[in-house]
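**Student:** What follows is a single structure, and I will ask about it in a moment.
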Amino acid sequence: MRPLTDTCPKPLLQVRGRPLIVWHINNLVRAGITELVINHAHLGQMIEDTLGDGSQFGANIAYSSEGTALETAGGIAKARHLLGEAPFVAIAGDIFCPHFDFTQVSDVLEENDVWGNPLPAHRRDLAWLYLVKNPPHHPEGDFALESYAIANQGEPRLTFSGIGVYRPELFDAVTPGTAAKLAPILREFAEQRRIGGELFRGDWTDVGTVERLEQLNAPLATQR
């Protein structure tokens, strides 16, 4: 995203007159999710200065500054003291997903079996991922989906959207303050059939290039 990100962190890049991260915040608040944690590294103070304490959106925002970028799992592990012990939803700051309904995330990680009995801890899903059809720039996808279970192998392949619900214990092996990628952790527990998921069919864009950002901001008549 350079040169844009030389002076602006990706979550503050604007789509249709609004920063990417503000689209997420508004959708979360609309769904009744108002206690938010934002972790940041590159030009992170700009994010804090822009969003403040969240009151302008009807939210309460806490911040976790990584200093040096710690990757997705490392950033979550560093912020765990702010997240509590309940499952939480995490969203990548550089995606555009304007119509995602966050009311659906509250009960995707089942606590009970089909008969209403509490599931033992070793049988509970540790995460629930929202997948999308593979975009042109990522044709090989990330995972397969088998009856709401994430699989490392299989067809068709789908792409992880950057939206997921996680139990905090998924990150037990990550030492706070160290860098760690999320994908290897997800693949490890997918092998144990402990990662669930579903296909999201709404509008979604990985805003990873200047060209994709320009396309989102083009007049509607020219978008394809």
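The values are calculated or read from the model by the stated rules, or taken from the named source; none is laboratory data. Worth saying up front: this structure is predicted, and the values here are computed from it rather than measured. Positions of Cβ are backbone-derived with ideal geometry, glycine not excepted, and every protein chain shown enters the neighbour counts.
**Student:** Please go through the stretch 30-49 and give me each residue that is part of a helix (DSSP H, G or I), closer than 16 Å to Asp94 by Cα and in contact with a Phe, Trp or Tyr (Cβ under 9 Å, 6 or more places away or on another chain), ordered by number.
**Tutor:** Selection gives Gly44, Ile47.
**Student:** Right, next: Find the residue count for the stretch 12-29, including only residues that are within 30 Å of Asp107 (Cβ to Cβ), outside any strand (DSSP E or B) and modelled with pLDDT under 95.
**Tutor:** Selection size over the stretch 12-29: 0.
**Student:** Please go through the stretch 192-207 and pick out each residue that is within 14 Å of Val132 (Cβ to Cβ) and either assigned to a helix (DSSP H, G or I) or not β-branched (Val, Ile, Thr) (or both).
**Tutor:** Gly197, Glu198, Leu199, Phe200, Arg201, Gly202, Asp203, Trp204, Asp206, listed by residue number.
**Student:** Same structure, new question: Any chance you could count how many residues in the stretch 50-85 are in a loop (DSSP other than H, G, I, E, B) and surrounded by fewer than 14 Cβ atoms within 10 Å (Cβ to Cβ)?
**Tutor:** 7
**Student:** Additional query: Taking the conditions exactly as written (in contact with a Lys or Arg (Cβ under 8 Å, 6 or more places away or on another chain), farther than 23 Å from Gln104 by Cβ, touching a residue at least 60 places away in the same chain (Cβ under 8 Å) and not hydrophobic (A, V, I, L, M, F, W, C)), does Pro168 satisfy them or not?
**Tutor:** No: the conditions fail for Pro168.
**Student:** Suppose we filter the stretch 90-131 for residues that are farther than 24 Å from Phe171 by Cβ and at pLDDT 90 or above; how many remain?
**Tutor:** Residues flagged as farther than 24 Å from Phe171 by Cβ and at pLDDT 90 or above within the stretch 90-131 amount to 5.
**Student:** When the residues of the stretch 134-162 are filtered to those that are more than 22 Å from Lys181 (Cα to Cα) and not in a strand (DSSP E or B), which remaining residue is modelled with the lowest pLDDT?
**Tutor:** Ser147
**Student:** Looking at the structure I just gave you, is Leu170 in a strand (DSSP E or B) and not polar (S, T, N, Q)?
**Tutor:** no
**Student:** Let me ask another. Could you tell me which numbered condition Phe189 fails, if it satisfies all but one of (1) surrounded by 15 or more Cβ atoms within 10 Å (Cβ to Cβ); (2) part of a loop (DSSP other than H, G, I, E, B)?
**Tutor:** If we test Phe189 against (1) surrounded by 15 or more Cβ atoms within 10 Å (Cβ to Cβ); (2) part of a loop (DSSP other than H, G, I, E, B), just (2) comes out false.
**Student:** So, one more: Is it the case that Ile38 is among the β-branched types (Val, Ile, Thr) and either out of contact with any helix residue (DSSP H, G or I) (no Cβ under 6 Å at 6 or more places or on another chain) or farther than 27 Å from Val210 by Cα (or both)?
**Tutor:** Criteria met by Ile38.
**Student:** Scan the stretch 125-174 for residues that are crowded, with 19+ Cβ neighbours inside 10 Å and of a type in the set (Gly, Ala, Ser) and jot them down.
**Tutor:** Ala127, Ser161, Gly162, Gly164
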